[in-house]
Amino acid sequence: MSAALLLTRSDGDNRRLAERLQTQGIGAISLPLLQIDPQPETAAQRSLMLELDRYQAVMVVSPIAARLGLERLDALWPQPPAAIEWFAVGAGTAAVLEDYGLPVQIPLDGQDSEALLRLPAWQRLLSLPDLRVLIWRGVGGRDHLAATIRDAGGRVDLLELYERNMPATLAQDLATAAEQGAGAIVILSGQALQHWRRAAGTTWEQQRHWRCWVPGVRVAELARELGCTDVIVCHGADDDSVLAAVTAHPLTP
């Protein structure tokens, strides 16, 4: 019998993916590695959103950032300002924005910061002398985006909408999942990887040998630095990318 696959996003996201994995005969256990804590709106953040029409572009880095940002947008603007170009890192983030009615550009050759900045629109935007970009993100997320825009002379403001914390019971929940047969894991961010490492504690020497699916090269490198020995790159964090990678590299019984 194959080891169960540990899914580590929110319970809702995990349930959705687990149903698709089940059709492939792959059992999964849900264990969120990140606790998402929305940030209270500050006066400075409110000013950023009230001045939304001064930006040429808004970049949204996750579905959570999209949902929380749209809640604030909806409260302050009768309709979104025109002439803003909207960008999403991945298909899941884009879907939230598109459901709201926004035209969204997403990269087709990856789901990371580098792929986003390779979109043709950025060649034009980065040449503007007065470029202003607003990034919707979590606390401390995706600094590469901001750094690249600033290096090109643009101004970047950050709307940090939530904080990702380690669940208080994660160590015990991880131990329970291992007892239930977990022996492989899907890790979709560097912070989730760090939480897994901390929660594993003295069992890390065993768990670092689990097969670990990650969304891209950057997280793969971090996983190997921490000692992971069986790392598979999904080339994206959306359900389709994860499902394709898991079925292409199945666990052997």
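For (1) in a helix (DSSP H, G or I); (2) at pLDDT 95 or above; (3) in contact with a Leu (Cβ under 7 Å, 6 or more places away or on another chain), each residue gets a yes or a no:
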| position | (1), (2), (3) |
| --- | --- |
| Leu48 | yes, yes, yes |
| Asp53 | yes, yes, no |
| Met59 | no, no, yes |
| Ala66 | yes, yes, yes |
| Leu70 | yes, yes, no |
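Taken over region 91-108, the criterion of being outside any helix (DSSP H, G or I), surrounded by fewer than 16 Cβ atoms within 10 Å (Cβ to Cβ) and under 19 Å from the mean Cα position of the chain (by Cα) is satisfied by Leu108 alone. So which residues in region 23-46 are more than 22 Å from the chain's Cα centre (by Cα), surrounded by 12 or more Cβ atoms within 10 Å (Cβ to Cβ) and assigned to a helix (DSSP H, G or I), if there are any at all? Within region 23-46, Arg46 is the sole residue that qualifies.
Residues of region 231-253 that are aliphatic (A, V, I, L, M), open to solvent by 30 Å² or more (accessible area, probe 1.4 Å) and either in a strand (DSSP E or B) or out of contact with any Gly (no Cβ under 8 Å at 6 or more places or on another chain) (or both): Val233, Ala244, Ala248. Taking the criterion of being among the hydrophobic types (A, V, I, L, M, F, W, C) and farther than 23 Å from Asn165 by Cα, the residues of region 1-27 that qualify are Met1, Ala3, Ala4, Ala18, Leu21, Ile26. Scanning for something out of contact with any Phe, Trp or Tyr (no Cβ under 9 Å at 6 or more places or on another chain), among the hydrophobic types (A, V, I, L, M, F, W, C) and open to solvent by 40 Å² or more (accessible area, probe 1.4 Å), does region 217-224 turn up at least one residue? The answer is yes; a qualifying residue exists.
Close Cβ contacts (under 6 Å, 6 or more residues apart or on different chains) running from residues in region 210-233 that are more than 23 Å from Ala28 (Cα to Cα) and without any contact (Cβ under 8 Å) to a residue 60 or more places away in the chain to residues that are in a loop (DSSP other than H, G, I, E, B) and not acidic (Asp, Glu) comprise Gly227/Arg208. When region 199-230 is limited to residues that are closer than 19 Å to Glu114 by Cβ and not in a helix (DSSP H, G or I), the one that is modelled with the highest pLDDT turns out to be Val214.
Candidates in region 109-125 are the residues that are open to solvent by 50 Å² or more (accessible area, probe 1.4 Å) and closer than 18 Å to Gln56 by Cα; of these, the one that is modelled with the lowest pLDDT is Arg118.
The values are calculated or read from the model by the stated rules, or taken from the named source; none is laboratory data. What you are looking at is a predicted structure, and each value in this text was computed from that prediction instead of being measured. FYI the Cβ positions are ideal-geometry reconstructions off the backbone, even for glycines, and counts take in every protein chain you see. Just the protein is used for accessible areas: all its heavy atoms, side chains included, with ligands, DNA and RNA removed. Shrake-Rupley method; radii C 1.70, N 1.55, O 1.52, S 1.80 Å.
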